[in-house]
1. Test each condition in (1) surrounded by 15 or more Cβ atoms within 10 Å (Cβ to Cβ); (2) in contact with a strand residue (DSSP E or B) (Cβ under 8 Å, 6 or more places away or on another chain) for residue 74 and report the one that comes out false.
2. Just to check your reading of the model, which residue among 53, 12, 83 is more than 18 Å from residue 95 (Cβ to Cβ), assigned to a strand (DSSP E or B) and in contact with a strand residue (DSSP E or B) (Cβ under 9 Å, 6 or more places away or on another chain)?
3. Sort through 92, 24 and tell me the only one that's in a loop (DSSP other than H, G, I, E, B) and modelled with pLDDT of 95 or more.
4. Here is a list: 59, 64. Which entry is in contact with a helix residue (DSSP H, G or I) (Cβ under 9 Å, 6 or more places away or on another chain), assigned to a strand (DSSP E or B), at pLDDT below 95 and surrounded by 12 or more Cβ atoms within 10 Å (Cβ to Cβ)?
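The values are calculated or read from the model by the stated rules, or taken from the named source; none is laboratory data. In this text, all values refer to a predicted model and were calculated from it rather than measured experimentally. Every residue, glycine among them, receives a Cβ derived from its backbone with ideal geometry; neighbour counts consider all protein chains shown.
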């Protein structure tokens with residue numbers, strides 16, 4: 001069965017976010033945040049500031065998983081919830097997962 005149109009749109013948008021993360025382009029990264037999320041974000045922004053590289057590792061409907069490799073050698077996985085904001089898909093929420101040491 002082919003992927004849904006929504007999943008494809010979210011994944012395409014997430015690839016743009018991935019590119020912004022890897023180019024360390026803070027303005028482009030923040031452009032992917034919804035206004036509501038940007039106001040209450042205390043986790044993703046600081047993590048992105050420490051990220052040396054990021055990788056999109058999965059997409060399910062309107063959720064994506066990113067692996068963030070930090071400048072201190074740690075790795076975090078973030079789950080991003082994307083919402084359609086009258087056209088562009090924006091990050092609406094985020095969960096952060098810390099990997100067990102040695103993984």
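1. Going through the list (1) surrounded by 15 or more Cβ atoms within 10 Å (Cβ to Cβ); (2) in contact with a strand residue (DSSP E or B) (Cβ under 8 Å, 6 or more places away or on another chain), residue 74 breaks only (1).
2. Numbers: 12 fails: assigned to a strand (DSSP E or B); 83 fails: more than 18 Å from residue 95 (Cβ to Cβ).
None of the others qualify; the one that does is 53.
3. Numbers: 92 fails: in a loop (DSSP other than H, G, I, E, B).
The conditions single out 24.
4. The match here is 59.
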